[in-house]
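Only one structure is covered here, and it is reproduced in the block below.
The values are calculated or read from the model by the stated rules, or taken from the named source; none is laboratory data. Predicted model only: the values in this text are computed from it and were never measured. Note: ideal-geometry Cβ built from the backbone for every residue, glycine included; neighbour counts use all protein chains shown.
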Amino acid sequence: MDPKEALGPETLRSLLDKQALLWLSPAHDPTDDARDLPCDPSAAHARFERCAGLLARLFPELAATGGRLSSPLSPIPHLQQRLSSVGEPGAGSEGTWFLKRDDILPVAGSVKARGGFHEALSLAERLALEAGLMDVDDDRARLAEPPIRQYLGRHTLSVGSTGNLGLAIGLIGAGLGFQAAVHMSSDAKAWKKDRLRSRGITVVEHAGDYATAVASGRAAALDAPLIHFVDDERSEALFLGYAAAAEELLYQLRTARRPVDATHPLFVYLPCGVGGAPGGITYGLKRLLGPHVHCFFAEPAASPCMLVQVAAGTRTPVPVHDIGLDNQTEADGLAVGLASPLVAPIMSRLLAGVFTVDDDTLFRDALTLERTEGISIEPSAAAGLRGPRWLLGSPRGRRYLQRHDLTPVIAGATHVIWSTGGALVPEDIRALFRARGER
């Protein structure tokens, strides 16, 4: 079917007008727990555990957590009151809101650290084992020893990125002794390029958008056996690194005494670019919680690539340009015109829906979060902030709740908004964000 026909005239018209909307996936089955799929997040969780001592040794920022990547789960009652669908006391009758603070994830300051670190650790283990420099049962702290670092230094980690994944790959790569190169698109922010270069990471700039940078990086690695290309569109290692975050979130919810079950549903709102990070997290959560978790993606109005791909109902790639959108957005980490071919087919089963957000709202909501909760994030990380409002306050959202018999139990619900980046934003850039948010 033509993707325009699959979207339907009303949704297509709203997308072309770049109006914010909530789209619900007609193929979504909340009871699907993805257990029949072969990717196992527990393997990534085990890798993070056995490499924790190594990470604590490489990065002082991880000493407090024993080398484990972790971010806080913070209640946000003041933002909830401000953005609630009712906007007044009593909003708690629609559940309780939390912010998952991957914007302050140690070392790399974004959700991309989860996938990037996992892929680099996976590669380092494999290379050291294949070269006979380490035995399978050895302490992974051995990867920090000079002979192994020197061997890994012959190899280059390469990635196409708008910035955050490049920084994560560059930092963990340098920590392990790899060389690192980041292929970046013309729309990537200059301050992110400067930060990468300041860490000794090679930046290769390309005319064109994110897809061009990825394609160029992939092509450069084809005939270079010592270059390992971290493919954000197709990497299972990245995907599973993100999926491992589900275990952490579940532990934090239990610690906060927030049960997740039939009478206490969990709703998660995730900013989406190419789809690896939100898709992996969704996959991990569905494997653990099945019908009791409902995941929604947030995409820029100019770049709703996952919405378009899943709505098309085909494995044939459908870029947003095919329906008449330009992929021009200030949400640089989300400025992606084509969804991951690895992730999109999985999300066609597991994703409850997608809501879109315009650039002005991103900046306004980031400023509102800072003023209500004292939390400063980058605008793209604010994409999910209106998720509960769409679900609870829009006709489509309420229909979703009614269809799945969630309306009677919504007071016991937990809403987790995933904040994806912002800790490394320079203060002068934050000032520009604030000024845009005040317009």
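Out of the residues in the range 186-236 that are among the aromatic types (Phe, Trp, Tyr) and within 30 Å of residue 345 (Cβ to Cβ), which is surrounded by the most Cβ atoms within 10 Å (Cβ to Cβ)? Looking at residues that are among the aromatic types (Phe, Trp, Tyr) and within 30 Å of residue 345 (Cβ to Cβ), I get 210.
Among the residues of the range 197-234, those that are of a type in the set (A, V, I, L, M, F, W, C) and over 21 Å from the mean Cα position of the chain (by Cα) comprise 201, 203, 204, 207, 219, 220, 221, 222, 224, 226, 227. Does at least one position in the range 155-169 carry a residue that is in contact (Cβ under 8 Å) with a residue 12 or more places away in the chain, in contact with a strand residue (DSSP E or B) (Cβ under 6 Å, 6 or more places away or on another chain) and within 21 Å of residue 65 (Cα to Cα)? Yes, there is a match, as at least one residue in the range 155-169 is in contact (Cβ under 8 Å) with a residue 12 or more places away in the chain, in contact with a strand residue (DSSP E or B) (Cβ under 6 Å, 6 or more places away or on another chain) and within 21 Å of residue 65 (Cα to Cα).
Exactly one residue among 41, 9, 72, 26 is in contact (Cβ under 8 Å) with a residue 24 or more places away in the chain and out of contact with any strand residue (DSSP E or B) (no Cβ under 6 Å at 6 or more places or on another chain), and that residue is 41. Within the range 343-368, the set of residues being touching an Asp or Glu at 6+ places or on another chain (Cβ under 7 Å), surrounded by fewer than 23 Cβ atoms within 10 Å (Cβ to Cβ) and modelled with pLDDT of 95 or more comprises 359, 367. Scanning the range 331-342 for residues that are part of a loop (DSSP other than H, G, I, E, B) and either crowded, with 20+ Cβ neighbours inside 10 Å or in contact with a Ser or Thr (Cβ under 8 Å, 6 or more places away or on another chain) (or both) returns 331, 335, 336, 337, 338, 339, 340, 342.
Counted as qualifying within the range 35-137 are the helices (runs of 4 or more DSSP H) with 3 or more residues that are of a type outside the set (Lys, Arg) and under 21 Å from residue 260 (Cβ atoms), namely 41-50.
Is at least one residue of the range 89-112 exposed (fewer than 15 other Cβ atoms within 10 Å of the Cβ), in contact (Cβ under 8 Å) with a residue 40 or more places away in the chain and among the polar types (S, T, N, Q)? Yes, there is a match, as at least one residue in the range 89-112 is exposed (fewer than 15 other Cβ atoms within 10 Å of the Cβ), in contact (Cβ under 8 Å) with a residue 40 or more places away in the chain and among the polar types (S, T, N, Q).
Applying the criterion of being assigned by TED's automatic domain parsing to the domain that holds residue 281 and among the acidic types (Asp, Glu) to the residues of the range 92-144, the residue that is modelled with the lowest pLDDT is 94.
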